[in-house]
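Heads up: the structure comes next, in structure tokens.
The values are calculated or read from the model by the stated rules, or taken from the named source; none is laboratory data. Worth saying up front: this structure is predicted, and the values here are computed from it rather than measured. FYI the Cβ positions are ideal-geometry reconstructions off the backbone, even for glycines, and counts take in every protein chain you see.
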Amino acid sequence: MYSMLSVSGQTMSRWLRIIATGGLLALAGCANEAVQVQRIAVDEVRDLSGNWNDTDSRLVSNEMVEDMLSRSWLQNHMEEFAQEPTVIVGSISNLSREHINTQTFINDIERELINSGQIAFVANRNERMDIREERLDQDMNASAHSRKAMGQELGADYMLLGSINTLIDAAGKVQVTYYQVDLKLISLTDNRTHWVGQKKIKKLITGDLSRY
């Protein structure tokens with residue numbers, strides 16, 4: 001009886017050592033798979049998934065604004081009104097099948113327009129609501145010489161509207177994603193379209209396409 005208990009105890013002890021060793025190996029494996037972070041330049045191109053990314057947003061906004069400001073509508077406006085046009089960015093619709101942060105794209109467009117120095121730029125709808133609330137608060141609480149009066153806003157001459165769309169062609173482990181960005185500059189006076197811009201991007205994606 002004692003011999004059997006001794007053997008049984010040895011067997012149990014061996015299994016415990018095996019389990020403990022396995023646990024240590026598993027922990028070592030987890031340590032090897034720990035998240036690693038590397039800082040890279042913000043303008044460095046890294047296409048990880050093939051989806052729309054910050055590089056697409058930055059390059060497309062730059063090229064489209066540059067094209068818009070090189071067209072005749074700008075010179076025509078300057079000649080007719082003897083002052084720079086005032087522009088506001090409206091909605092940019094995401095008509096693609098993937099999630100695209102259109103607000104980031106709008107911000108990139110706004111930055112390019114403002115930094116061009118060729119147009120005046122006014123706050124968008126949400127920003128105007130915040131500013132009007134502040135004016136209302138000033139009207140009640142600020143001193144007479146420092147408060148900003150209502151009804152003095154600069155109205156926009158043109159609104160920029162647009163959309164982002166995609167077409168996908170896939171076979172096996174190969175996929176081509178085609179992005180098309182369309183923008184229109186429309187007069188707020190008479191709804192005339194003064195400029196139409198279009199930018200196309202094609203991406204060839206190979207490998208496991210199951211996530212698409």
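Restricting to the range 171-212, name every residue that is modelled with pLDDT under 95, hydroxyl-bearing (S, T, Y) and not in a loop (DSSP other than H, G, I, E, B).
T177, Y178, Y179, T206
Residues that are of a type in the set (A, V, I, L, M, F, W, C), within 30 Å of V176 (Cβ to Cβ) and touching a Ser or Thr at 6+ places or on another chain (Cβ under 7 Å): does the range 97-108 have at least one?
If we filter the range 97-108 for residues that are of a type in the set (A, V, I, L, M, F, W, C), which is where we start, we get 100, 105-106.
Still in the list and also within 30 Å of V176 (Cβ to Cβ): 100, 105-106.
Remaining after also requiring touching a Ser or Thr at 6+ places or on another chain (Cβ under 7 Å): 105.
Looking for residues that are of a type in the set (A, V, I, L, M, F, W, C), within 30 Å of V176 (Cβ to Cβ) and touching a Ser or Thr at 6+ places or on another chain (Cβ under 7 Å), one finds at least one in the range 97-108, hence yes.
Are there any pairs, at least 6 apart or on different chains, whose C-beta atoms fall under 7 Å, with the first in the range 174-192 and in the same structural domain as G162 (by TED's automatic domain parsing) and surrounded by fewer than 17 Cβ atoms within 10 Å (Cβ to Cβ) and the second part of a strand (DSSP E or B) and acidic (D, E), and if so, which?
V176/D169
How do the pairs read when you match residues in the range 91-115 that are in contact (Cβ under 8 Å) with a residue 60 or more places away in the chain with residues anywhere that are assigned to a loop (DSSP other than H, G, I, E, B) and buried (at least 17 other Cβ atoms within 10 Å of the Cβ), using Cβ under 7 Å and keeping only pairs 6 or more apart or on different chains?
From the range 91-115, the pairs are N94/I100; E98/N51; E98/W52; I100/W52.
Among S96, S61, which is the only one that is of a type in the set (S, T, Y) and in a loop (DSSP other than H, G, I, E, B)?
Numbers: S61 fails: in a loop (DSSP other than H, G, I, E, B).
Only one candidate qualifies: S96.
Residues that are over 30 Å from S49 (Cβ atoms), more than 29 Å from the chain's Cα centre (by Cα) and not in a helix (DSSP H, G or I): does the range 125-138 have at least one? Please lay out each step first, then the result.
The first filter runs over the range 125-138 and keeps only residues over 30 Å from S49 (Cβ atoms), leaving 125, 127-138.
Still in the running and more than 29 Å from the chain's Cα centre (by Cα): 135-138.
Next, from what is left, pick out any that are not in a helix (DSSP H, G or I): none.
The answer is no, given that none of the residues of the range 125-138 is over 30 Å from S49 (Cβ atoms), more than 29 Å from the chain's Cα centre (by Cα) and not in a helix (DSSP H, G or I).
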